[in-house]
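Comments concern the structure below.
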Amino acid sequence: MATLLLPPILHYLAGNRHKLVLPDTTLGAALEHLYTEYPQLGVNLRSDSGLIRSHFSLYRDGEMLTRADIILRKDDTIELTLAEKNTGADGQSELSREEIRQYIRHLTLPEFGMRSQMKLRNSKVLVIGAGGLGSPVLMYLAAAGVGTIGIVDEDSIDTSNLQRQVIHSHAMVGSSKLTSARRFIHDLNPGVRVISYETKFIAENALDIAKGYDLIIDGTDNFPTRYLVNDVCVLLGIPNIY
């Protein structure tokens, strides 16, 4: 019988086991047997067009296994690993091994997967305001892997802000909210590009700032800005969230 070694991130899908037994047959048939025994592995590993999903690789004695008709030998040890890199749907962008490791919980969601993660990485979101509303939005956008985040804010951090503006800390009191938010995002996800606009979002600059973004999120707390954001989004054909 052959043995399949799982990466730690997938142990929970196999009852917290780190290795599984494969029957002596072809690799493709052995994997299908495994997916029947551990359905969640099948959901996360099975590929419609290949042996396994492209963000994983299979190795035997240092050789990558890419064909379903490969015969498994007695006492074979097959190692399932994260791929070194993965090419996106556009054939150009790639997720590095470290990015795959960071987003593996997304990638193993059958409703999400690599294609959606690549869309997030290639997307640009503008957040207006880095205060009480904008703070959690920025944190979750960065954690999710949105590739480019624009931030509009001209204020600095006051101690009284910290109970609700959770992206900021005592160490950053007195600094601009943009500097603080950029530092937090970089620490959380170094792969995210942050574009800072240290200004108010007003009629004179709104169109120039908003151009090129896929989504605008209004994190302010006043109606004039909300109406301005709506007008700009209608003119540019950009969806917005309040």
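The values are calculated or read from the model by the stated rules, or taken from the named source; none is laboratory data. These numbers were taken from a predicted model, which means no experiment stands behind them. Virtual Cβ from ideal backbone geometry, glycine too; neighbours counted across all protein chains shown. Note: areas computed on protein heavy atoms with side chains; ligands, DNA, RNA excluded. Shrake-Rupley method; radii C 1.70, N 1.55, O 1.52, S 1.80 Å.
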query: So what's the angle, to the nearest 10 degrees on a 0 to 90 scale, between helix 223-236 and the longest Cα principal axis of the chain?
result: 60
task: Express in nm, to one decimal, how much length is gained between Ile9 and Glu204 on full extension, taking 0.36 nm for each residue of separation and deducting their alpha carbon distance.
output: 65.3 nm
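I need the per residue convex hull volume for region 116-177, using only the alpha carbons, in cubic angstrom as a whole number. Each step should come with its number before you reach the end.
Details: hull volume 4.5 nm³, N = 62.
Value for region 116-177: 73 Å³ per residue.
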Net charge contributed by nearby residues that have their C-beta within less than 15 Å of Ile167 (K/R +1, D/E -1): 0
Leu235 versus Arg97: modelled label distance in nm, points set 7 Å from Cα along the beta carbon direction: 4.9
- request: Calculate how many DSSP beta bridges within region 1-107 are antiparallel, expressed in % of all such bridges and rounded to the nearest 5.
  value: 85
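Estimate the FRET efficiency between Ser169 and Tyr227 by the formula 1/(1 + (r/R0)^6), using the beta-carbon distance for r and 45 Å for R0, to the nearest 0.05.
Numbers: r = 33 Å, r/R0 = 0.73.
Taking R0 as 45 Å, the efficiency between Ser169 and Tyr227 is 0.85.
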- prompt: Stretch Thr66-Asp24 to full length: gain in nm at 0.36 nm per residue minus the Cα-Cα span?
  reply: 13.4 nm
message: Could you give the length gained by full extension between Val43 and Ser160, i.e. 0.36 nm per residue of separation minus their alpha carbon distance, to one decimal place?
response: 37.4 nm
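Given 10 °C and 1.306 mPa s, how large is the Stokes-Einstein diffusion coefficient of the chain in µm²/s, with Rh as the Kirkwood radius over Cα pairs? It would help to have the intermediate numbers written out before the result.
Numbers: Rh = 20.5 Å.
Calculated translational D: 77 µm²/s.
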statement: When the chain is treated as a Gaussian network with springs between alpha carbons less than 10 Å apart, the largest mean-square fluctuation among Gln117, Gln163, Gln40 is found at Gln163
Paramagnetic reach from Met1 in region 23-47 [backbone N under 12 Å; point 7 Å along Cα→Cβ]: 23-24
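Among the listed pairs Lys19/Lys74; Lys119/Lys177; Lys119/Lys200, which are separated by more than 18 Å between their Cα atoms?
Working: Lys19/Lys74 16 Å; Lys119/Lys177 28 Å; Lys119/Lys200 29 Å.
Result: Lys119/Lys177; Lys119/Lys200 exceed 18 Å.
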field: the chain - mean residue ellipticity at 222 nm from DSSP helices (-39,500 (n - 2.57) per run, n ≥ 4, rounded to 500)
entry: -9000 deg cm²/dmol
Portion, in percent, of the accessible area of the chain that falls on carbon or sulfur, probe 1.4 Å: 51
- request: Counting only DSSP beta bridges with both residues in the chain, tell me the antiparallel percent, nearest 5.
  value: 45
task: For Val127, enumerate residues with amide H under 5 Å from its amide H, sequence gap 5+ or separate chain, H modeled in the peptide plane.
output: Gly150, Ile151, Val152, Ile217
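Tell me, which longest segment in the chain has none of the GluC sites (Glu not before Pro) that fall in DSSP loops with at most 14 further Cβ atoms within 10 Å? Each step should come with its number before you reach the end.
Details: sites that count: Glu84, Glu111, Glu154, Glu198, Glu204.
With a cap of 14 other Cβ atoms within 10 Å, the longest stretch comes to 1-83.
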